[in-house]
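The values are calculated or read from the model by the stated rules, or taken from the named source; none is laboratory data. Model, not experiment: these values are computed from the prediction. Here the Cβ positions follow ideal geometry from the backbone for every residue, glycine too, while neighbour counts run over all protein chains shown.
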Amino acid sequence: MSRALWIAAIVLWPSVAFAQSPQSPKPEAQSPGKEILQRKCFQCHQVGMWSSLRQDRKAWEGVLYRMVGRGALWTEAEINAMADFLAQTRGPKAP
């Protein structure tokens with residue numbers, strides 16, 4: 001009898017686990033800045049180069065404009081989106 005319960009538990013567990021309502025993604029996961037950052041910055045930089053930095057939005061914006069001075073071709077809207085995302089995820093008080 002215990003073997004039948006064990007098999008039933010193994011068979012039914014995935015359907016129960018996936019039937020739970022999905023949690024909404026974190027706000028930063030939905031940010032357009034994340035996609036732009038991945039598309040634009042990772043052409044030249046690896047994540048490890050900047051992932052340990054903790055700066056506020058103004059400092060991140062300064063970094064992004066410095067990259068424009070070095071040849072990065074970004075619009076003001078892209079810079080604002082990336083600065084917002086970086087401040088959320090790599091700000092001084094970010095988790």
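Examine segment 16-32 for a residue that is modelled with pLDDT of 85 or more and in contact with a helix residue (DSSP H, G or I) (Cβ under 9 Å, 6 or more places away or on another chain), and state whether such a residue exists. The answer is yes; a qualifying residue exists. Lys40 meets all of the listed conditions (1) at pLDDT 90 or above; (2) surrounded by 15 or more Cβ atoms within 10 Å (Cβ to Cβ); (3) basic (Lys, Arg) but one, namely (1). Collect the residues in segment 69-81 that are closer than 21 Å to Ser51 by Cβ, modelled with pLDDT of 95 or more and among the hydrophobic types (A, V, I, L, M, F, W, C), keeping them in residue-number order. Residues satisfying the conditions are Ile79, Ala81. Checking each residue in segment 46-90 for being surrounded by fewer than 17 Cβ atoms within 10 Å (Cβ to Cβ), free of Cβ contacts under 8 Å to residues at least 40 places away in the same chain, part of a loop (DSSP other than H, G, I, E, B) and within 18 Å of the chain's Cα centre (by Cα) picks out Gln46, Ser51, Ser52, Leu53, Asp56.
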